[in-house]
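Here the structure comes first, spelled out in structure tokens, and everything after it is commentary.
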Amino acid sequence: MKIRDLISEIFISLTANKVRSGLTILGIVIGIASVIAMISIGQGASTQIQGNIESLGSNLLTIVPGSVRPGMGIVSSGRGSAQTLKNEDVDVILKINGVDAISPEVSRRFQVVSPSGKNTNSTIFGATANYAYVRNVSMKEGVFISDTQNRSLARVAVLGPQVAEDLFGDEDPIGKSIRINKINFYIIGITAPRGGGGFVNYDDMIYVPLLTMQKVLAGVDYLSAMAIKVQDKNLISDVRDEIIYALAEKHRVDPQNPDFTIVSQEDILGTLNQVINTFTIFLASVAGISLLVGGIGIMNMMLTAVTERTREIGLRKAIGAKEHDITLQFLIESVALTFIGGIIGILLGAFISILISKFAGITTTVSLFSILLSFGVSALIGIIFGYYPARRAAKLNPIEALRYE
Amino acid sequence: MEEDNLNNMIVCENITKIYKNEDIETVALKNISLKINEGEFVAIMGPSGSGKSTLMHILGCLDSPTSGEYFLDGEDVSKLNDDELAEIRNRKIGFVFQAFNLLPRTTVLRNVELPLIYAGVSPKQREERAKQALKESAFPDKFWYHYSNQLSGGMMQRVAIARSLVNDPKIILADEPTGNLDTKTGEIVLETFQTLNQKQGRTIVLITHEPYIAEHAERIIRIRDGELVDDSKNHHQRIINNKK
């Protein structure tokens, strides 16, 4: 039997039972579409977070006080709870070759009140002039904190765009003052929006001079973090090692077990990507199960078709169909079902991910990889789940098949 | 095979068929020997359970005998495997079944073309030969593109006859071809067979349990309990004359 005749035979038999073929295809469509959508959400989230983290500054090392216990990750280390990082540590690190700039930071939440009486609870960030350079902050309006303001314990504040809107709405906040922990601060600037990166929303922050924060607001002499900009990407690991030794020496602790932790952007990216990958794999396996169910649906339909068409198979064999003619006919029939289901599923999956990014605000990426994967998987499902019914059809005894009622 | 009979289409020598079902052996055919010449119209008759269907399956290359030899058109087909038998069936045998066995939701023309599709004949040639076969079996051309399941029983059987003719077979095997038809349409079908036999010299083997149907053939072979009991010329063959 020639391929062209085979295809027209299959077309006839698939269109003969449109509802059943349609429902079987639907099973595959749902499976493929969910795989595509899930993978695209995962990849989209991964790309988005990578972009966000890189926008927070490049070649960055972050030092936080306290040690990370193995297996606990950076989140549980209780950032800020330990008090081992001091302002003098900045000078030690600055001496290290390859360090470009340091931004020492103290953060704490305080109640903030606007002149019109609006209230909000925000993270107040004590920062130096270096912060804007190290953390890649650009200004929407006004200026960032200067070194002079820091030294003079000036009561000035720079608002994140979110806080600015919460407290002032459409008004221009610059030149006005807010009360942080009952102390008046004069607003000198508003940062440009940066979005959330991981667990922190950088738009919902208020920046004040570091020393003002330590001495006036919080009454502490330690830092909650230091961000270090390294001159070159290739120097990051060297600089990291040197910081560990220098700081450990200064703190008089064992470098193998320091009382601080250095986190590089790669670490954060790696951890987040790991989380996202696990999540994507989880979502994709759930979708994969529905694909498997779709495959069982194909097998079910093909077995029913073989039983239903026993006499037809008997006749085909009687008039000269060989075993492989029958095998091929049923096998290609099931592959055709999954193939059609695969194409519709890919389109539907892409459509769903577009809808998700439109309405849920999650970036999605439909990659060629996921399309090829689902295409391959759907064809494979057709072959795997179609093979048994096809062989069963081909092995039928023509005499018994012709007699079948 | 004897040399003097070059026109022997079917030669069966001592054909025995035994079915084994677990421990029970059923003998369906015992030492059947028969010859059918080219151009003969033979009826194989016997009550149900006589073994006539088994004989028909062996003659039709759907089954192989347990022992004995079967030559079809000079070729020993008793020891071929399934795929080789399928090819013999495709080239040399045309089947007409009691239940017509047409593909539903498929046009008349495509039904007739089916054996040629498996033979790998080109679409253009297929269509030509299918139309020719439909004309030979007196199937009206206005229904050529109808679906087979929209036809009456008599029409369906004529499509089946056309399908059996389309590959220009050496023999046509008709298994109770009138069994699902009323007397009148049954006669039309038998008339078609007679015409094919007389005008085109087709070799036709008709399997039936009804003496009345068998009497339309030139020769009647009677089978009972797996044995050939009588093989004689039918001296009062019923010839259906065209009423028109």
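FYI, it's all coordinate maths here, none of it is from the lab. What you see is a predicted model, and the numbers here were worked out from it, not measured in a lab. Here the Cβ positions follow ideal geometry from the backbone for every residue, glycine too, while neighbour counts run over all protein chains shown.
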Exercise for review: Could you pull out the chymotrypsin sites (Phe, Trp or Tyr not before Pro) across the stretch A:191-277 that fall in loop regions by DSSP (anything but H, G, I, E, B) with no more than 14 other Cβ atoms inside 10 Å?
Suggested key: A:199
**Study point:** Sum of side-chain charges, residue A:100 neighbourhood, beta-carbon under 12 Å (Lys, Arg +1; Asp, Glu -1)
**Key:** +1
Check your understanding: Once the Cα atoms of the stretch A:311-399 are picked out, what are the Rg and Dmax in Å?
Key -> 19.0, 63
Practice item. With N set to the residue count of chain A, report its C-alpha Rg divided by 2.2 N^0.38 Å to two decimal places. Key: 1.50
Revision key, fill the gap. So the number of lysine pairs in the stretch A:83-258 with alpha-carbon atoms under 28 angstrom apart, 8 or more residues apart or on different chains, is 23
**Study point:** Residues residue A:368 and residue A:143, FRET efficiency given R0 of 41 Å [Cβ-Cβ distance, rounded to 0.05]
**Key:** 0.35
Check your understanding: When only Cα pairs under 8 Å and 6 or more residues apart are kept, what is the percent relative contact order across chain A?
Key -> 28
Review point. Could you give the angle, 0 to 90 degrees to the nearest 10, between helix B:153-165's Cα long axis and the longest principal axis of the Cα atoms of chain B?
Key: 70
Point to revise | At 0.890 mPa s and 25 °C, Stokes D of the stretch A:217-277 from Kirkwood alpha-carbon radius, µm² per second | key: 179
Review point. Which order results if B:152, A:55, A:34, B:64 are arranged by neighbouring Cβ count within 10 Å, fewest first?
Key: B:152, A:55, B:64, A:34
Exercise for review: Restrict the search to the stretch B:62-139; then list the GluC sites (Glu not before Pro) that DSSP places in a loop and that have at most 12 other Cβ atoms within 10 Å of their Cβ.
Suggested key: none
Practice item. Check cross-link reach from residue B:135 to the lysines: straight Cα distance under 30 Å, and skip same-chain residues fewer than eight apart. Key: A:2, A:317, A:322, B:92, B:124, B:170, B:184, B:199, B:243, B:244
**Study point:** Karplus-derived 3J(HN,Hα), 6.51/-1.76/1.60, for each residue of the stretch B:17-28, Hz, glycine and proline x
**Key:** 10, 10, 9, 9, 10, 6, 9, 8, 9, 10, 8, 8
Study note, to complete from the structure: Shielding of B:82-92 by other chains, given as the mean Cβ count within 10 Å, works out to 4
Review point. What nm distance separates the two modelled labels at residue A:282 and residue A:3, each placed 7 Å from Cα along Cα→Cβ?
Key: 4.5
Study note, to complete from the structure: the stretch A:160-312: Kirkwood hydrodynamic radius (Cα pairs, Å) comes out at 22.0
Exercise for review: Name the shape class, rounded, prolate or oblate, that the alpha-carbon gyration tensor gives for the stretch A:84-195, where a ≥ b ≥ c are the square roots of its eigenvalues, rounded holds for a/c under 1.5, and otherwise prolate holds if a/b is larger than b/c and oblate otherwise.
Suggested key: prolate
Revision key, fill the gap. For the stretch B:128-203 the chymotrypsin sites (Phe, Trp or Tyr not before Pro) that pass both the DSSP coil test and the at-most-10 other-Cβ-within-10 Å test are B:145
Study note, to complete from the structure: Residues A:281, B:88 in order from fewest to most other beta-carbon atoms within 10 Å are A:281, B:88
Exercise for review: Could you please report the charge total around residue B:219, scoring K, R as +1 and D, E as -1 over all other residues with beta-carbon less than 12 angstrom from its beta-carbon?
Suggested key: -2
Review point. How far, in degrees from 0 to 90, does helix A:265-308 lean away from the longest principal axis of the Cα atoms of chain A, to the nearest 10?
Key: 10
Review point. What is the helix-to-structure angle for A:323-359, meaning the angle in degrees between its Cα long axis and the longest Cα principal axis of chain A, kept from 0 to 90 and rounded to the nearest 10?
Key: 30
Revision key, fill the gap. Along the stretch A:236-251, Karplus-curve 3J(HN,Hα) (6.51, -1.76, 1.60; θ = phi - 60°) to the nearest Hz, with x for Gly and Pro, reads 3, 6, 5, 4, 4, 4, 5, 4, 4, 5, 4, 5, 5, 5, 5, 7
Check your understanding: From the backbone phi of the stretch A:107-123, what are the Karplus-calculated ³J(HN,Hα) couplings (6.51 cos²θ - 1.76 cosθ + 1.60, θ = phi - 60°) in whole Hz, Gly and Pro given as x?
Key -> 10, 7, 8, 9, 7, 10, 10, 8, x, 7, x, 6, 10, 8, 10, 10, 7
Review point. Based on the Kirkwood radius over alpha-carbon pairs, what is the Stokes-Einstein translational diffusion coefficient of the stretch B:9-67 at 25 °C with 0.890 mPa s viscosity, in µm²/s?
Key: 200
Exercise for review: Would you please report the Å³ per residue occupied by the convex hull of the alpha carbon atoms in chain B?
Suggested key: 138
Review point. So for B:191, A:400, B:22, B:40, fewest C-beta neighbours within 10 Å to most, what's the order?
Key: B:22, A:400, B:191, B:40
**Study point:** For the stretch B:59-163: rounded, prolate or oblate by the Cα gyration tensor [a/c cutoff 1.5]
**Key:** prolate
**Study point:** Total formal charge among the other residues, if their Cβ is under 14 angstrom from that of residue A:7, Lys/Arg +1 and Asp/Glu -1
**Key:** -1
